[in-house]
Amino acid sequence: MLGSILIVAVLALVLQAAWRFLDTYWFQPKKLEKILRKQGLIGNPYRFFFGDARETGKMFKETYSKPIGITDDITPRVLPFITKTLKTYGKKSFIWVGPKPVVFIFDLEMMKVILTKYIPFQKSFKASNPIFKRLVGGLIVYEGEQWSKNRKKLNPAFHLDKLKEIVGTMQNQGQETLDEWTSMMPKDGSPLALDVYPYLKQYTGCVVSWALFSTAPTPIVKRTFTIISELTHISNQAQPFIIPGEQFFLKKYKKANEIEDELTATFTHMAEERLAQRRAGENKGEPDLFDLLVDELEEVDIKDKNGRAAAIYEIIQQCKLFYVAGHETTANLISWTIIMLSYHKQWQVRAREEIFQLLGDRKNITADDIANLKYVNMIVNETLRLFPPAIELTRVVEEETTVGDLVLPKGSMVMMPVLLLHRDPKIWGDDANEFRPDRFAEGVLKAANGHSAFLPFGWGVRTCIGANLASLEAKSFITLFLRNFSFDLSPTYAHSPMVTLLLQPQHDVPIIMRKL
């Protein structure tokens, strides 16, 4: 009798699990597809479980196998399947990310609505692979009151007036990098051939360390940066949706768990150490970012193990966020700027002439100096337009919502392709794919012909909190570099933009530089 009951119970559980699986991976996607097609949206028919993932993967493998010309439109390379879909079906179309239909949004007013309404349209990270979820957290994934509270608390640290105080740190760290390059110059006076990408990541890592911890990178901090980079690499290998049970047998999950455990141990130690310094009165001066994060931990009772574990988790997530935003984002931005200036030499010459004219031989460069360097500011903006850190903004539709003429059903997703928006001839002119910094001579709005279409760091109140830090950091380094060296692209350079978490060079950034 008992055995029969157990068999019935097991069968019931199996049937329930089978129904949930079929509902998630067949019935719900087909229902969503029907709703979208009734509204005139077009896309490939849903293919069980994988959607368009297999074809997307093949296209990425093919496009990443060879470089492109430096003046070529990078869109077909970094958004190959999206480019194909738009050519096949037009802008009113959708693709499949696993069982989720993703609707393209190109209308600027509809974008503003989606980016403003954070309750029905939420960040897509929770719909992503679990490994990717480990990499992003904190402020970037918060919604509602939790986001508002944390943003308000952290805003002062990223206000432009506050960031001006660390321009000296940016200059010192940048000059150390340039001095190292100077020491490597051949004794016979010939130019230096060097892959600058690793050095740029070292520079931005130092600046982030000062912003976070008020110190140069210690061995522990360097180790932390290294394993976060490793976690980034692992997350890039993960597909955008999970195969049920894969986390129990794939090696990448085991490695991700090991990294997470090490990060937890490291940041727990660092947070407890900072608290001890506070209690001993050793922490003096203005609080740094880490102080702001540790505030939450200090408020938790020492006996509340669950509360302290949750506070430590939030510290880890925020630190990972600031690492990616202030380290990876800025290193990529500087790299693309150097690549563009190496190829478009006339802009390198113009910017350098302005720098010498305004700054002369003065060693100390202030934030106000950088603000007055018109060419440097135009060049960095144009680089951000052509090579935005995040090439698209994606949101999950949490409840049925009408936007414009579309009724977006719960369970679908929307994608706003920033890269395509930044290269739209209707907004930027017929030369939208060209590197032409002077389009920003009269400001961002004028450059986009009156449209609010410049979104390298997002839009509105949800604009990336680290936008000012990344821009100022990049402009500081570019200013110093132009004052110290003239430079060209090495013949070995292969123009190969690729998307990981951010848009970055796939290979090295070899430069031929001459000391001025």
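Values in this text are rule-based calculations from the coordinates and carry no lab data. Here the structure is a predicted model, which is why all the values come from computation and not from measurement. Neighbour counts are summed over all protein chains in view; Cβ atoms, including those assigned to glycine, are modelled from backbone coordinates with ideal geometry.
Tell me which residues come under 5 Å, amide H to amide H, from G43 once H is placed; ignore anything under 5 positions away on its chain.
F94
How many lysine pairs are close in the stretch 352-448, with Cα atoms under 29 Å apart and the two 8 or more places apart or on different chains? If you can, show how the numbers build up before the last one.
On the way: K363/K374; K374/K426; K374/K446; K426/K446.
For the stretch 352-448, qualifying lysine pairs total 4.
Roughly speaking, what % of Cα-Cα pairs in the stretch 362-411 are separated by over 12 Å, rounded to a whole number?
Of the Cα pairs, 76 percent sit more than 12 Å apart.
Where Lys and Arg each count +1 and Asp and Glu each count -1, what net charge lies around L160 among other residues with Cβ under 13 Å from its Cβ?
On the way: positive: K162, K164, K475; negative: D161, E165, D368, E473.
Charge balance in the 13 Å sphere: -1.
Evaluate the relative contact order of the chain (contact order divided by residue number), counting alpha-carbon pairs under 8 angstrom at least 6 apart; express in whole percent.
Value for the chain: 23 percent.
Can you tell me how much longer the chain between K303 and S4 gets when fully stretched, taken as 0.36 nm per residue apart minus their C-alpha distance, in nm with one decimal?
Working: separation 299, 0.36 × 299 = 107.64 nm, distance 4.82 nm.
That pair, K303 and S4, stretches by 102.8 nm at full extension.
Which lysines, if any, have their Cα less than 17 Å from the Cα of K61, not counting same-chain residues under 8 positions apart?
Cα-Cα hits under 17 Å: K84.
Over the alpha carbons of the stretch 453-498, what is the largest minus smallest coordinate on each principal axis, giving the biggest first in Å?
Each principal axis gives a Cα extent; for the stretch 453-498 these are 42, 27, 16 Å.
On a C-alpha basis, how far is the centre of the stretch 298-312 from the centre of the stretch 54-75 in Å? Whole number, if you could?
The stretch 298-312 and the stretch 54-75 have Cα centres spaced 47 Å from each other.
Relative to the longest principal axis of the C-alpha atoms of the chain, give the angle of the C-alpha long axis of helix 53-63, reported between 0 and 90° and rounded to the nearest 10°.
Its long axis makes an angle of about 20 degrees.
Quick one: which of K38/K92; K87/K123; K117/K152; K112/K201; K31/K117; K38/K100 span more than 22 angstrom between C-alpha atoms?
K87/K123; K112/K201; K31/K117
When the Debye formula is applied to the Cα atoms of the chain, each taken as the same point scatterer, what base-10 log of I(q)/I(0) results at q = 0.10, 0.12, 0.13 Å⁻¹?
-0.87, -1.23, -1.42
Can you give the angle from 0 to 90° between the axis of helix 28-38 and the longest principal axis of the chain, with both taken from C-alpha atoms, to the nearest 10?
Helix 28-38 sits at roughly 70 degrees to that axis.
Could you please state, rounded to a whole Å, how far the C-alpha centre of the stretch 324-369 is from the C-alpha centre of the stretch 10-33?
Their Cα centres are 55 Å away from one another.
For the Cα atoms of the chain, what angle does the longest principal axis make with the long axis of helix 144-158, in degrees from 0 to 90, nearest 10?
It is inclined by approximately 10 degrees.
Taking the alpha-carbon distance from K153 and a cut-off under 13 Å, which aspartates and glutamates remain once sequence neighbours fewer than 8 residues away in the same chain are dropped?
E145, D288, D291, D295, E296
Please give the contour-minus-distance gain from R37 to Y89: 0.36 nm per residue of separation, less the Cα-Cα distance, rounded to one decimal in nm.
Result: 17.5 nm gained on full extension.
Summing -39500 (n - 2.57) over the DSSP H runs of n ≥ 4 in the chain and dividing by its residue number, what mean residue ellipticity at 222 nm do you reach, to the nearest 500 deg cm²/dmol?
Roughly -17000 deg cm²/dmol at 222 nm, from the helical runs in the chain.
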